[in-house]
Amino acid sequence: MKDMACAPPSATAEKPTGTVRGPLLSLAADILLPLAVYYAARALGAGQAPALLLSGAPPALRLLAGAVRQHRIDGVDLFFTVLLASAALVSLLGGGTQVLLCKDAVLSLVVGGWVLSTAFTHRPLVLQLGQRLHRGTAARARSKAWQDSAEFRRGLRVLTVLWGAEQLLDGGLGALAALTLPTDTVPLLARAQSVALLALAAVVTAVYSRRFRTRHGLPLFGIPTAARRAPPSP
């Protein structure tokens, strides 16, 4: 965690380092680019299996590029790097197009299981993601809220369970589609399903976070009020 840079005298709080744009671009890279690559490869005459293999490249490349750019890889990124590497190995071992289609569903199931497994640890996934939006005093204030407030811990754990369940549902429906529907319809349907489930989870997260803040006076993703009013560090 980086220390907060010296703020000008008029500053009363530091701003989050993250914005909505970053997560949205990452979401587009992980959902829309694989779909575009798959259908572009099919239009150019590639078989179903090669096209599915190529469609897995954009998320993997984005993740690796981020690790190289930041000169580090944390626990979350390491988990997804290993997951993508394992998926690539399974793809190379073959097994037909149904195996390749089920691979994405299995990835979602594994991710969902992992997210749920973090829910009752000392660092649930939603806490880690929230900390990425802040640094210095703001991040330390959130860490203190985590230590001091049972309500804050419960709220972040509830959201972690929500996102884990979303991934499990996505994986289960994806596996069912891969096993029962025509191959060329599955990538588009799977992406549309993922977007719909992500949107639903995002709406529930926003509503829950707003109600939580109204009831407890604590933002689940923002900066606690005390940190906003604190003077900047010298």
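All conditions but one from (1) over 18 Å from residue 129 (Cβ atoms); (2) surrounded by 14 or more Cβ atoms within 10 Å (Cβ to Cβ) apply to residue 196; the one that does not is (2). Evaluating residue 102 against the criteria (1) surrounded by 19 or more Cβ atoms within 10 Å (Cβ to Cβ); (2) without any contact (Cβ under 8 Å) to a residue 12 or more places away in the chain leaves one unmet condition, (2). Among the criteria (1) part of a helix (DSSP H, G or I); (2) under 22 Å from residue 122 (Cα atoms); (3) free of Cβ contacts under 8 Å to residues at least 40 places away in the same chain, the one residue 219 does not fulfil is (1). Condition check for residue 184 on (1) out of contact with any Phe, Trp or Tyr (no Cβ under 8 Å at 6 or more places or on another chain); (2) at pLDDT 85 or above: one failure, at (2). When we screen 211, 191 for residues that are assigned to a helix (DSSP H, G or I), touching a residue at least 40 places away in the same chain (Cβ under 8 Å) and among the basic types (Lys, Arg), the only hit is 191.
Only residues that are more than 16 Å from the chain's Cα centre (by Cα) and either of a type in the set (D, E, K, R) or open to solvent by less than 60 Å² (accessible area, probe 1.4 Å) (or both) were counted across the stretch 120-166, and they come to 22.
When the stretch 167-177 is limited to residues that are within 14 Å of the chain's Cα centre (by Cα) and open to solvent by 20 Å² or more (accessible area, probe 1.4 Å), the one that is farthest from residue 206 (Cα to Cα) turns out to be 168.
Counting only residues that are among the charged types (D, E, K, R) and modelled with pLDDT of 85 or more, the stretch 95-118 holds 0 of them.
From the set of residues in the stretch 110-119 that are open to solvent by 30 Å² or more (accessible area, probe 1.4 Å) and within 14 Å of the chain's Cα centre (by Cα), which is farthest from residue 154 (Cα to Cα)? Filtering the stretch 110-119 for residues that are open to solvent by 30 Å² or more (accessible area, probe 1.4 Å) and within 14 Å of the chain's Cα centre (by Cα), the one farthest from residue 154 (Cα to Cα) comes out as 110.
The values are calculated or read from the model by the stated rules, or taken from the named source; none is laboratory data. The structure displayed is predicted, hence computed values, not measured ones. Backbone-built Cβ (ideal geometry, glycine too); neighbour counts: all protein chains shown. Surface areas here come from the heavy atoms of the whole protein model, side chains and all, with no ligands, DNA or RNA. Shrake-Rupley method; radii C 1.70, N 1.55, O 1.52, S 1.80 Å.
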